[in-house]
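The values are calculated or read from the model by the stated rules, or taken from the named source; none is laboratory data. Everything numeric in this text was worked out from a predicted model, so none of it was measured. Note that each Cβ is placed from the backbone with ideal geometry, even for glycine, and that neighbours are counted across all protein chains shown. Heads up: the accessible areas ignore ligands, DNA and RNA and are worked out on the full protein's heavy atoms, side chains in. Shrake-Rupley method; radii C 1.70, N 1.55, O 1.52, S 1.80 Å.
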Amino acid sequence: MAVKHLRTASIAVLAAGALALAGCSSPAAPESPDDGSGGYNPATATSTPAEDMEALIAAAQAEGTLTLYTDGTLATQQAWAAEFTAKYGIQVSIVRDSGGPLYQKFAQEEAAGQGQADVFGNIDALSLDDAVDNGWLAEYTPEGGPEFPADRSRAGYYYPYLMGNAHSVIYNSNNVTPEELAEVRENPLKALADPKFKGRIGVCPPQLAMLAAAFWYQYTDGDGAADIGWDGLAEIAANVAIVTDTATLTQNVIQGEVDFAFPVADSLVGNALKADPNTPIAFVYPAPTVGTQFGMGVVADSPHPAAARLFAEWAASPEGSDALAELAGNLNLREGGADGRAYSELDWFVPLDPETVVNSTVYVQDQAFRDAAGPDGDFLAHWSQVFGYAG
Amino acid sequence: MSLLEKGSRPSADKRTGGNRPDAATVSVSTRTKAQRRRPPSALSVITLIVLLGLVVAPLVMVFVGAFLSGAPGLPKSDWSFKAILSVYASPDYLWPLFGTLILAIVTAGLSVVIGTLFAWLVARTNMFIRRTLEWGVILPLFISPFIGAVAWNLLGAPRSGMINTNLRWLLGLDDDAVLINISTMPGVVFVMLLYFMPYAYQLVSSSLRNMDPGLEEASYMNGRGILATAFKVTLPIVRPALIAAFFMIAILATGVFTIPLALGVNTGFAPLGMHVYLKMTQFPVNPPVAAAIGTLIFWLTLLGIYFYRRSIRNARRFVTLGGKATRRREVKLGWMRIPATVLVALFGLFAAVLPIIALLVTALTPYAMTDFRTMQFSFATIAQVLGSIDVWNSLLNTVWLSLLAPTLAVLIAFAVAYVVVRERGRLGGALDYLATFPVAVPGIVFAMGILWLYIRTPIYATVAVLTIALVAAFMPTATRFSTTGLMQIDPSLEEAARMSGANRFRAAVTITLPLVRPAILAAWSLLFIFASREVNETVLLALPSTRPLAVLAWDHINANDPGAAAVVSVLLMLFMAAGLLIARFVFRTRLDSSNL
């Protein structure tokens, strides 16, 4: 009888193993769309000459749909995609998440041969470079690609179609007095260390994204270290009421739960004011600060390669990039592109001094920063200790 | 009514008072050697295979993931002990472990005490409008805990919450007066209590309704007062339900992350479940450490499961099929009648009415406004959300998930229950244990295992993979319903059918299944709600084409759009209410504490 039990158990284990193995097996590789004729192939092209644009549009419309992975603001991206749909009749599905988890999802799918994304956008240049190095982004240069800043692109792979922004200190314009604002304008982080702001500040932790880490790193090890340093951060920490992500911080400032929050991208203020110009939110730029851009590229094993290439062409065109800048209320990085920042006309707005902003691509290359903020560095743990952050 | 009399009747009588002419007791704990030696049936082997694939394989993937340097399948991912050592061999997670344990015990303890009090008030006393108030206690089941937490953040944030903001000017208080601060650990416990207590209520209430009222009547006739009867007679009988509720809620609370996250708690303490989420979402994203923390939670909750199963076993040992010939005596509350009514009504107000109002107000304002004096209303957000194709796709996905997942879960659970109750044996015991396993792992960890298991299969990026995740997650609940329902059916009915020539399958389908139908439909109704509102298991697996409404609401919260999240949440609640109404008319099943 014991043998019978053993046999039954063995069959069960083997069958379960087979079920699990079925789960781990790779799907069949997709067929190559290259017809081998040597002519223009909208599914594999590395660029689209003007005379082949009709062919690209026809192929993209035959595919009928595409999926955009992005860490941009959902409502803005949806409105932008809707304009593309209105022009070409191609539906756009949007997967939106924060930069880190979005790339994790994308990488796992690509590595498993289960690519869902046709176009991949991310604020983190490190992730975009990693995607290029792993062969997950296709080589494709849209006609408008070279009109975007070369030092913020990886030529032939990704371009900052989605806007540029810089980290700021946002505030609730109903709750902050003119005197307080004057102090904060003078030297934002220094001013916010004053105990009178206790309980009125929210901060975004460096664990949120590489860019947030770079911002804080500036004030502990970079240009702002002499002025603030870890001691200055400890004074600010004593006034902090909320430590959370930038989206939640923005919401808390609008709602009035805290009066100041940083580092928060100026583009989020642009989004909020675009949604409702009466929203009580504004910002000042600290000096130094970090600037960045949302890069975007065509995915190598895109399920809808022609639609992905057409979307890239449209996004890099004056029409597409201006539409996004207008919808998001943000800065357009394309040379000669429209500036959608309606707030730049408002009284409170003080433009960013280009001398005080360091682009995130600098930090991507900075080995000392990468070591400090990496899994083996102590920068994140030190910050958490100072701010009493449990994450 | 047929009576089952197998095993030690005397011990059952001793436990329940021994004098119950109108009731039958059943013991299923005694197993003969012949039953233990009976070879496993084909059904038990197939069920085992299904459970191994459904429950064990994702868990194995989580353990495998904990021993890697990156997510399974990524190019630079190798075997490594780094993640495991960083969790198990460092003091970093000791305080979160201890704190999580305390949080779970406090939440479960308070839930059981309040749930028992409410169940007793509703089932035994002359409290006002009991049926209406009972809905106030059950209604939080319709609200996803994370949506409830979001609503409470709008209500109870210390500076800008609707309660503080408006009571300040209504009561003429200082601008910095804080009447309620939900962004604290007591606030987290409070919100967890609001959304976990109904589980304790339903378990205790069901036990109270099913117990023989003659026992309490005999106590009263012997001169015992209300309190003495409650403590000496009622409480001992419902004790297994109390213990079961305690461990069930403690296990649920162990893995929770959405509530502290949504409340923006900044106390320097984060429960383990939140650490898992942060390791999956923060820079630098570290899935192996998330998996390693998941395994730590698994061991912790496995202990809880052991005690939970022990309590369930005790509860099952003496199932009572009462004729209920004795009418229940209604306890007169006297002067306590109004305070008791107010107390239960306040719970409904805090758990359901206020959060729903907060969501509706947020849906109707152009941005987060909490001061009623300056509030402006607009239908723009509602129009924008309802005009989006996403919401209708998500509604369709929710329909599929909420129909498929409960149906498959109750079918598999019926097979498990049949093997456990009718066939018994060691395999039955193993199946019973395996079916409880998903409770031990936080939803997001289990979803991680599902993701890693199925990402290389054709079902990835389909509703099927979400359905699998939900079916696995629902196995403990579905099995509990089916097992309890099946234990109340006399096996001699099936035996009669078999003696008349029917095979075992036919006997089970034509005799047992119709009899156990009420329990299965009750389970289905409850799981329909869970499937509709679930986020933890689905958030990692959903894509735009497969995303249900609950995940869409979560996405809107993540995208800094509470107004859109509120619209989707309200739509989701309407969907659940409509689904239950349809179920009530089609299946003639009602969702209240008597069948939950």
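Dividing the convex hull volume of the alpha-carbon atoms in chain A by its residue count gives 184 Å³ per residue.
For region A:101-136 versus region B:431-454, the spacing of their alpha-carbon centroids is 27 Å. Per the Cα gyration tensor, region B:31-166 maps to an equivalent ellipsoid with semi-axes of 41, 32, 17 Å, ordered largest to smallest. Result for chain A in a Gaussian network model with C-alpha springs under 10 Å: among A:Val290, A:Val350, A:Val253, the largest mean-square fluctuation is at A:Val350. Distance check, please: which entries in A:Lys105/A:Lys274; A:Lys198/B:Lys279; B:Lys232/B:Lys332 exceed 21 angstrom between their Cα atoms? Distance filter (> 21 Å) returns A:Lys105/A:Lys274; A:Lys198/B:Lys279.
For region A:39-136, the Cα gyration tensor yields ellipsoid semi-axes of 24, 18, 12 Å (square root of five times each eigenvalue, largest first, whole Å).
Using a 1.4 Å probe over protein heavy atoms, the accessible area lost on pairing B with A, summed over both chains, comes to approximately 5400 Å². Helices of chain B meeting both criteria, an alpha-carbon length of 18 angstrom or more along the long axis and an average Kyte-Doolittle score not below 0.5, with helices taken as full DSSP H segments, are B:94-124, B:185-210, B:235-254, B:389-418, B:463-487, B:513-533, B:562-586. Each residue was assigned an accessible area with a 1.4 Å probe, and for A:Ile228 the value is about 20 Å². Take chain B and mark each of the trypsin sites (Lys or Arg not before Pro) that is in a DSSP loop with at most 10 other Cβ atoms within 10 Å; the longest unmarked stretch, sites excluded, is B:77-326. Report the net charge of residues surrounding A:Ala307, where surrounding means a beta-carbon distance below 10 angstrom and charges are Lys +1, Arg +1, Asp -1, Glu -1. That works out to -1. Across all Cα atoms of region B:375-525, the radius of gyration (one decimal) and Dmax (whole number) stand at 20.3, 74 Å. Taking 0.36 nm per residue of separation and subtracting the Cα-Cα distance, full extension of the segment from A:Ala150 to A:Glu186 would add 9.6 nm.
Build a GNM of chain A with springs between Cα atoms under 10 Å apart, and of A:Ala342, A:Ala300, A:Ala312 the one that fluctuates most is A:Ala342. Distance from the C-alpha centroid of region B:339-367 to that of region A:336-357: 43 Å, rounded to the whole angstrom. Go ahead and run the numbers for FRET between A:Lys87 and B:Asp78, Cβ-Cβ distance against an R0 of 35 Å, rounding to 0.05. Once the sixth-power term is evaluated, E becomes 0.15. Comparing A:Asp245, A:Asp322, A:Asp353 in a Gaussian network model of chain A (Cα springs below 10 Å), the most mobile by mean-square fluctuation is A:Asp353. Relative to the longest principal axis of the Cα atoms of chain A, helix A:266-275 runs at roughly 80 degrees. Computed on the Cα atoms alone, the convex hull of region A:131-229 gives a volume of 164 cubic angstrom per residue.
A straight chain from B:Phe585 to B:Arg506 at 0.36 nm per residue would run longer than the Cα-Cα distance by 25.6 nm. Between the amide H of A:Ile94 and those of A:Leu68, distances stay under 5 Å, these residues lying 5 or more places away or on another chain, with hydrogens modeled in the peptide plane. For region B:518-558, list residues with backbone N below 16 Å from a point placed 7 Å from the Cα of B:Leu574 toward its Cβ? Residues passing the 16 Å test: B:549-550, B:553.
Taking all protein chains as they are arranged and a probe of 1.4 Å, the heavy atoms of A:Ile254 leave approximately 10 Å² accessible to solvent.
Using the Cβ-Cβ distance between A:Gln385 and B:Val178 with R0 set to 25 Å, the FRET efficiency from 1/(1 + (r/R0)^6) comes to roughly 0.35. Is region A:254-391 best put as rounded, prolate or oblate by its Cα gyration tensor, with a ≥ b ≥ c the root eigenvalues, rounded for a/c under 1.5, and otherwise prolate when a/b is larger than b/c, oblate when not? The shape class here is oblate. Heavy-atom accessible area for A:Phe311, with the other protein chains in place and a 1.4 Å probe, reaches approximately 0 Å². Using the Cβ-Cβ distance between A:Ala338 and A:Asp52 with R0 = 30 Å, the FRET efficiency computed as 1/(1 + (r/R0)^6) comes to roughly 0.60.
Annotation for B:Glu330 and B:Phe63: the two label points, set 7 Å from Cα along the Cα-Cβ direction, are 5.6 nm apart.
Once the 1.4 Å probe is applied to the protein heavy atoms, region B:443-596 comes out at 33 Å² accessible per residue. Give me the percent of DSSP beta bridges within chain A that run antiparallel, rounded to the nearest 5. The answer is about 55 percent antiparallel. Just add up the charged neighbours of A:Thr292: K/R +1, D/E -1, any other residue whose Cβ is under 13 Å from the Cβ of A:Thr292. Spelling it out: positives minus negatives among the neighbours equals -3. Shape of region B:90-194 from its Cα gyration tensor (a ≥ b ≥ c, root eigenvalues): rounded if a/c is under 1.5, otherwise prolate when a/b > b/c, or oblate? It comes out oblate by the Cα gyration axes.
I'd like the orientation of helix A:99-111 relative to chain A: the angle between its Cα long axis and the longest Cα principal axis, in ° from 0 to 90, rounded to 10. With rounding to tens, the tilt is 10 degrees. Taken residue by residue and averaged, Cβ atoms of other chains lying within 10 Å of the Cβ of A:76-87 number 1. Distance from the C-alpha centroid of region B:535-584 to that of region A:294-328: 29 Å, rounded to the whole angstrom.
Using only the C-alpha atoms, the convex hull of chain B corresponds to 172 Å³ per residue. The ratio of the alpha-carbon radius of gyration of region A:219-319 to the globular-protein estimate 2.2 N^0.38 Å is 1.49. Mean projection of the Cα convex hull over all viewing directions, computed for region A:75-121: 3.6 nm².
For the protein assembly as shown, the fraction of alpha-carbon pairs lying more than 42 Å apart is 40 percent, rounded to a whole number. All Cα-Cα separations within region B:197-302 were binned at 10 Å from zero, giving a P(r) of 13, 29, 22, 16, 13, 6, 1, each value a whole percent of the pairs. Nonpolar atom fraction for the protein assembly as shown, defined as the carbon and sulfur part of the 1.4 Å probe accessible area, stands at 61 percent. Axis angle, to the nearest 10 degrees, between helix A:305-316 and the longest C-alpha principal axis of chain A: 30 degrees.
Mind checking the full-extension length gain between B:Leu94 and B:Leu515? Use 0.36 nm per residue of separation minus the Cα-Cα distance, one decimal, nm. The B:Leu94-B:Leu515 span can extend by a further 146.6 nm.
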